[in-house]
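Just below is one structure, and these are the notes that go with it.
The values are calculated or read from the model by the stated rules, or taken from the named source; none is laboratory data. Owing to the predicted nature of the structure, the values given are computational and were not obtained by experimental measurement. Cβ sites come from the backbone with ideal geometry, for glycine too, and all protein chains shown count toward neighbours. Protein only, heavy atoms only, side chains kept; ligands, DNA and RNA dropped before computing areas. Shrake-Rupley method; radii C 1.70, N 1.55, O 1.52, S 1.80 Å.
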Amino acid sequence: MRYIEKHPMIMIVVGVLGISLSSIFVKYSTAPSAVTAAYRLLWTVLLMTPVTFGSKEIRTELLSVSRATMLLSCLSGLFLAIHFTLWFESLLHTSVASSTTIVCTEVIWVSLGYALFLKGKLSIKEILSICVTLGGSILIAFADSASGGGHLYGDILSLTAAIAVAVYVLIGRVVRITASTTVYTYIVYCSCAAALLLMCLLQGNALWGYGISGILVGLLLAVFSTILGHSIFSWCLKYFSPSFV
């Protein structure tokens, strides 16, 4: 573990690989977007619970977190739920390439929030990279609007999902200063799962009746894209700026 802490870029690479698989997995789910997202987070909480409560150190920290940490973590989970729902829905209305590229404009909104609200500083290279990302996303949006088929609607959903996940990342930057990765992510994922279940209820979506594909996709998303993706990025927030992550 000490080697990883000295070379955190290793974890960035692992996180990128995990996150990159999510849009591909989602395409194979036959369940509604909110239900697929709920499966993902329920699996994640189920897998993390034995680890969280099996360790005396983690259990003690979890049971003694401050009210501010708890509230911020729950708010972070709410924005993560909004992100998952909007992004999964976008994949039904546009291509995987378009949706994934546009949701990666997250870097723009994270960087703006980092500079405006957390008093962070951006280098010239970071600003140029953001401009390239924004330019590419605009080109994709124009191409999709010209092709018809409702792709522009999917692109807008993906863009909104990017803004939601940016808020989640920025909150994580604040909370991770004092909270461990496991405690922070466990609270986030529990609140995210609760929010997604509420969304399913409000949308009138049942949690069953979609075949085995939705459940399996949820498990794959939980392992590869959440635990080996989002959780790793949350760990990296202690070592890198949110803009870089």
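Points to keep in mind about this one:
- First in region 113-129 and farther than 17 Å from V167 by Cβ, second anywhere and of a type in the set (A, V, I, L, M, F, W, C), Cβ under 6 Å, 6 or more apart: L122/A115
- For region 147-245, the helices (runs of 4 or more DSSP H) that sit wholly inside it and include 3 or more residues that are small (G, A, S) are 151-175, 181-203, 212-220.
- Taken over region 167-217, the residue count meeting the criterion of being β-branched (V, I, T) and farther than 18 Å from F84 by Cβ is 8.
- Across region 47-62, the qualifying residues are those that are in contact (Cβ under 8 Å) with a residue 60 or more places away in the chain and not hydroxyl-bearing (S, T, Y), and the one among them that is nearest to S231 (Cα to Cα) is M48.
- Screening A162 on (1) under 26 Å from K238 (Cα atoms); (2) at pLDDT 95 or above; (3) small (G, A, S) shows it passes everything except condition (2).
- For first residues located in region 14-32 and within 16 Å of H93 (Cα to Cα), partners that are surrounded by fewer than 16 Cβ atoms within 10 Å (Cβ to Cβ) and not hydrophobic (A, V, I, L, M, F, W, C) and lie 6+ apart or on another chain with Cβ distances below 9 Å form the pairs Y28/S213; S29/S213; T30/G211; T30/S213; A31/G209; A31/G211; A31/S213; P32/Q203.
- The residues of region 1-47 that are more than 27 Å from S99 (Cβ to Cβ) and open to solvent by less than 50 Å² (accessible area, probe 1.4 Å), listed by number, are I4, P8.
- Verdict on G77 being open to solvent by less than 20 Å² (accessible area, probe 1.4 Å), part of a helix (DSSP H, G or I), more than 13 Å from L170 (Cβ to Cβ) and not aliphatic (A, V, I, L, M): yes
- Selection from region 165-189 of residues that are closer than 18 Å to W235 by Cβ and open to solvent by 30 Å² or more (accessible area, probe 1.4 Å): R173, V174, I177, T178, S180, T182
- Among the residues listed as V65, V132, V110, V103, the single one being at pLDDT 80 or above, open to solvent by 70 Å² or more (accessible area, probe 1.4 Å) and out of contact with any strand residue (DSSP E or B) (no Cβ under 8 Å at 6 or more places or on another chain): V132
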